[in-house]
Amino acid sequence: MQNRQVHKTATIQDVAREAGVSTATVSRALSNPDLLTDRTRAAVLDAIRSTGYRVNRAARNLRMQRAGAVLVLVPNLGKPFYSRILAGISDGFADGEYAVLIADTESRPLAAGELAGYFLDGRIDGVISLDGGLDPAALDACDAQGLGDRIVFLCEWVEGRDFPVIRSDNIGGTRLAVRHLHGLGHRRIAHVTGPEGNVLTAARRQGMLEERATLGLPVRDDWIIRGDFSLDSGHRAAQRILAMEDRPTAVFCAADMVAFGLIAGLTAGGLSVPGDISVVGFDDIDMSDFYVPALTTIRQDRHRLGRVAARALRRRLEPGARREDGPETVIDVELVVRDSTAPPAP
């Protein structure tokens, strides 16, 4: 009869013996590694690798009365803007402590008590919301259950609420865009906005108006064109501009997708970008560098935004964490100059 070797499953005690530390230190290395010295943390991780120890996460989550998952709310998963943000969030939870669940709130908006239900049913421990248009009743229900301290907003936010927000410098980025066009010699600058009622629309329009005032640029109502962050709204804005007798020489769009639609519509109408009209976007999604012409835009560090949001939520989920009302983290943006902007035609 052939002998079969039985491999014993490594325990936390095995790891502690291998590393020369207590089991409490091993546990701390797995749950709160920042509390340990680099040397101790490295010794424990080496021992985990050498023994083949695997954490029974299901048992630990049950013992700690947590779900081991977070929910990310995205207003439209089809938009390419969100890809790098979601990658950043995923990286922020790469150690496997929490699974990342994603819900599209445009295709299926949350009912009033549904978000609180995710918590109360033990399905999630926290939420990162990229949707600033959530039903206020859903947030009220979470607050009523004492769950508000487990929600972080990313990119968008809800006015009048004290949830933490991680966002880009929308006003500063818009001012950079207008300043760039002004520096090229443009004085007749139009703006295609985002959707009405959206916090990003308001912030970027504010930046546009502030920089116009600073530079002494003319303000005309017909040069403020409503959009909705979509290709189609940019294309419709192009039809408006083509129909104008007194056209702007440059356009700042509230999103790259709007700029792409605008350029396509202007080109189809016989105008050259940037020969006849310069165009600037906002976001720097991956397509911006490969569009024709390559788009001048405001770059958001989307991967960093996702990582910072993940870190912020994890801090709030730590045992004994205290809620800090109204924190806001603003991530710098930068102007990326490409081929869609040039001095105005003589």
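Of the residues ALA203, ALA213, ALA177, which is closer than 20 Å to ASP301 by Cβ and free of Cβ contacts under 8 Å to residues at least 60 places away in the same chain?
Details: ALA213 fails: closer than 20 Å to ASP301 by Cβ; ALA177 fails: free of Cβ contacts under 8 Å to residues at least 60 places away in the same chain.
Result of the check over ALA203, ALA213, ALA177: ALA203.
Among PRO293, PRO344, PRO274, which is the only one that is outside the structural domain of LEU242 (by TED's automatic domain parsing) and either among the polar types (S, T, N, Q) or out of contact with any strand residue (DSSP E or B) (no Cβ under 6 Å at 6 or more places or on another chain) (or both)?
It is PRO344.
Answer yes if at least one residue in the range 322-337 is within 27 Å of PHE153 (Cα to Cα), at pLDDT below 95 and small (Gly, Ala, Ser), and no otherwise. Break it down stepwise before answering.
As a first pass, look at the range 322-337 and keep what is within 27 Å of PHE153 (Cα to Cα): 322-336.
Going one step further and asking which of them are at pLDDT below 95, we end up with 322-329.
Narrowing further to those that are small (Gly, Ala, Ser): 326.
Yes, that holds for at least one residue.
Where in the range 239-305 are there strands (runs of 3 or more DSSP E), lying wholly inside it, with at least 2 residues that are more than 21 Å from ILE331 (Cβ to Cβ)? Please lay out each step first, then the result.
Numbers: elements: 250-253, 278-283, 296-300.
In the range 239-305, the matching strands (runs of 3 or more DSSP E) lie at 250-253, 278-283.
Does ARG311 meet the test of being out of contact with any helix residue (DSSP H, G or I) (no Cβ under 7 Å at 6 or more places or on another chain) and not aromatic (Phe, Trp, Tyr)?
no
Among the strands (runs of 3 or more DSSP E) contained in the range 79-167, which hold 1 or more residues that are surrounded by 22 or more Cβ atoms within 10 Å (Cβ to Cβ) and not aliphatic (A, V, I, L, M)?
The qualifying strands (runs of 3 or more DSSP E) are 126-129, 151-154.
Tell me, which residue of the range 306-321 that is among the small types (Gly, Ala, Ser) and outside any helix (DSSP H, G or I) is modelled with the lowest pLDDT?
So, considering only residues that are among the small types (Gly, Ala, Ser) and outside any helix (DSSP H, G or I), the one modelled with the lowest pLDDT is ALA321.
Within the range 173-188, work out how many residues are among the small types (Gly, Ala, Ser) and either surrounded by fewer than 18 Cβ atoms within 10 Å (Cβ to Cβ) or in a strand (DSSP E or B) (or both).
2
Look through the range 231-271, keep the residues that are among the hydroxyl-bearing types (Ser, Thr, Tyr) and farther than 18 Å from VAL292 by Cα, and return whichever of them is surrounded by the fewest Cβ atoms within 10 Å (Cβ to Cβ). Give the steps one after another, and end with the answer.
Pass one, the range 231-271, residues among the hydroxyl-bearing types (Ser, Thr, Tyr): 233, 249, 267.
Then keep just the ones that are farther than 18 Å from VAL292 by Cα; that gives 233, 249.
Working: SER233: 24, THR249: 19.
This residue is THR249.
Kindly check whether there is at least one residue in the range 61-69 that is modelled with pLDDT of 80 or more and not basic (Lys, Arg).
yes
Mind checking whether some residue in the range 213-234 is of a type in the set (Gly, Ala, Ser), touching a strand residue (DSSP E or B) at 6+ places or on another chain (Cβ under 8 Å) and in a helix (DSSP H, G or I)? Before the answer, list the steps.
So the first thing to find is which residues in the range 213-234 are of a type in the set (Gly, Ala, Ser), and the list is 213, 216, 227, 230, 233-234.
Filter once more, so that each one left must be touching a strand residue (DSSP E or B) at 6+ places or on another chain (Cβ under 8 Å): 227, 233-234.
Still in the running and in a helix (DSSP H, G or I): 233-234.
Yes - at least one qualifying residue is present in the range 213-234.
Starting from the range 68-90, keep only residues that are polar (S, T, N, Q), then list their pairs with residues that are part of a loop (DSSP other than H, G, I, E, B) whose Cβ atoms are within a distance under 7 Å, requiring at least 6 positions of separation or different chains.
Going by the 7 Å Cβ cut-off, the qualifying pairs are ASN76/GLU106.
Look at the range 165-204 and say how many of its residues are within 19 Å of ILE85 (Cβ to Cβ) and of a type in the set (S, T, N, Q).
4
Looking at the range 206-214, is at least one residue surrounded by fewer than 18 Cβ atoms within 10 Å (Cβ to Cβ) and in the same structural domain as LEU130 (by TED's automatic domain parsing)?
No, the range 206-214 contains no residue that is surrounded by fewer than 18 Cβ atoms within 10 Å (Cβ to Cβ) and in the same structural domain as LEU130 (by TED's automatic domain parsing).
The values are calculated or read from the model by the stated rules, or taken from the named source; none is laboratory data. Only a predicted model underlies this, so the values are computations on that prediction, with no experimental measurement involved. Here Cβ is always computed from backbone atoms with ideal geometry, including for glycine, and neighbour counts include all displayed protein chains.
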